[in-house]
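Structure, as structure tokens:
The values are calculated or read from the model by the stated rules, or taken from the named source; none is laboratory data. In this text the structure is predicted, and so the values were computed from the model without any measurement. Cβ sites come from the backbone with ideal geometry, for glycine too, and all protein chains shown count toward neighbours. Heavy atoms of the whole protein, side chains included, go into the accessibility calculation; ligands, DNA and RNA do not. Shrake-Rupley method; radii C 1.70, N 1.55, O 1.52, S 1.80 Å.
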Amino acid sequence: MKKIYLSIVGFSILCRLNAVAQVGNNSLADNKAPFTISTPAVTDTGDYKLRKIHIDEVDFVTSYYNQNGDHSAITGGIGTEKVTDVANSLTLNLVWLNKSNNKNTLEVGLGFDYHTAASQAFVSKTGASSPTGTRIYPSLDWTVENAKKGNTFGVGAYYSGEFNYQSLGADLHFSQKTTDKNGEFSAKLQGYFDKVTLIYPSEFEPASTTDYNGNGTGSGDGRSHHNYGSSPRTTLAASFSYSQMINSRLQVMLLADVVTQNGFLSLPFHRVYFNNGKDTIERLPSSRFKLPIGARLNYFLGDNIIIRTYYRYYIDNWGIRSNTAGLEVPYKVTPFFSISPFYRFYNQSASKYFAPYEEHSPTDQYFTSNYEYAKFESSFYGIGFRLAPPNGVFGIQGLHEMEIRYGHYTQTTDLVSNVVSVSLGFK
């Protein structure tokens, strides 16, 4: 389900909520704040008085996602990829000033997802496994901003839990503005320490544990969550960015990540079928290195139009090379209502460990038929609507912003998906 979650979380980020997710092929500074189109104002804190903690903003995002395709990794690169997912995230931003007049922000987040995946039923060869699952992901982030010195420092902690995957994460982040406040350097160090539950296809399990129950309660044969072992996986990432206001109309940002992964990087319930007709489970190396680099450019075209562009190049030591190019053009219809059509193109080469159904050789050292590692191209396009009237959305005081976004995704492997998100901002 990792690909599904990344898609939904990434789409929710476009709806202005900073979500937390593992670092994947398509990740590069997705959690950066959106660009502005004017010169940042210098904050004068000289008249600030000590203020107690208060709720500054509450953000709520809900998303619905569905997909369909015919290359399930659970059945060796063939079979249904039909999935639906409902994701909900709530974030509270608590703000206070300390005795030094530094702004403190505590961001408290909680997310909950529910999914159905048709291919998940075939962890059991009979198709009797549970096709549903849930995920919960709380988070905390504390940031201190020194407006006089133009810097911020923060720490974060995260958890994500589902039946077959548990993840703990932490980060340190820092930013420093230039003297004229028109440039800013940011750095973020992240670590994720995960446990992969070792759920194998039914034909590779002992007879007494052949049924898989996604709720972890067993299914009448004595098998429960406590019967499974687990294996560790560690992801360490360093993210760097530099943004610069070129003039009142143009802003650019340069981005780079360095990511290393170690541990159990396969999924044990992904089957692989060899060219002799026999099957086994996916086997991938125990280490991986990723290097994405990219750039963003925002241009203020006039009173009502902003052009936002993005490009990223990605390389890793599993043989994948990819390019991502994105364009979004927000248009302000009125001072309080805007529309934002967007388009993203992506292509990648295949991993050296990938082969389709029944094309791997039994002599291969590593093998996968997961089409996440295949060669493909994809397009993601859609539109967003943002409403932010001064008297509140629909006249509701406190509901200062609402954004609705729809996106349609197509991949040359015949994978198709749709996602719609609603974001509400309360003050």
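Would the stretch 253-261 turn up any residue that is at pLDDT below 95, over 22 Å from Asn317 (Cβ atoms) and open to solvent by 40 Å² or more (accessible area, probe 1.4 Å)? No, the conditions are met nowhere in the stretch 253-261.
Counting only strands (runs of 3 or more DSSP E) that sit wholly inside the stretch 329-427, those with at least 1 residues that are free of Cβ contacts under 8 Å to residues at least 40 places away in the same chain and open to solvent by less than 50 Å² (accessible area, probe 1.4 Å) are 337-348, 376-387, 399-411.
The residues listed here are Tyr299, Tyr314; of these, the one that is of a type outside the set (Val, Ile, Thr) and closer than 28 Å to Thr368 by Cβ is Tyr314.
Inside the stretch 274-311, residues that are open to solvent by 50 Å² or more (accessible area, probe 1.4 Å), part of a loop (DSSP other than H, G, I, E, B) and more than 30 Å from Asp194 (Cα to Cα) make up a count of 6. Quick one: is Gly183 of a type outside the set (Lys, Arg), in contact (Cβ under 8 Å) with a residue 40 or more places away in the chain and out of contact with any helix residue (DSSP H, G or I) (no Cβ under 8 Å at 6 or more places or on another chain)? So Gly183 passes the test. Residues in the stretch 312-322: is at least one at pLDDT 95 or above, more than 18 Å from Gln411 (Cβ to Cβ), among the charged types (D, E, K, R) and in a strand (DSSP E or B)? Yes: the stretch 312-322 contains one or more residues that are at pLDDT 95 or above, more than 18 Å from Gln411 (Cβ to Cβ), among the charged types (D, E, K, R) and in a strand (DSSP E or B).
Residue by residue, here is whether (1) touching a Cys at 6+ places or on another chain (Cβ under 7 Å); (2) among the aliphatic types (A, V, I, L, M); (3) free of Cβ contacts under 8 Å to residues at least 24 places away in the same chain; (4) not in a loop (DSSP other than H, G, I, E, B) holds:
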| site | (1), (2), (3), (4) |
| --- | --- |
| Val155 | no, yes, yes, yes |
| Ser160 | no, no, no, yes |
| Gln166 | no, no, no, yes |
| Phe174 | no, no, yes, yes |
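For Ile315, the stated conditions hold: it is open to solvent by 40 Å² or more (accessible area, probe 1.4 Å), of a type in the set (Val, Ile, Thr), free of Cβ contacts under 8 Å to residues at least 40 places away in the same chain and more than 25 Å from Gly183 (Cα to Cα).
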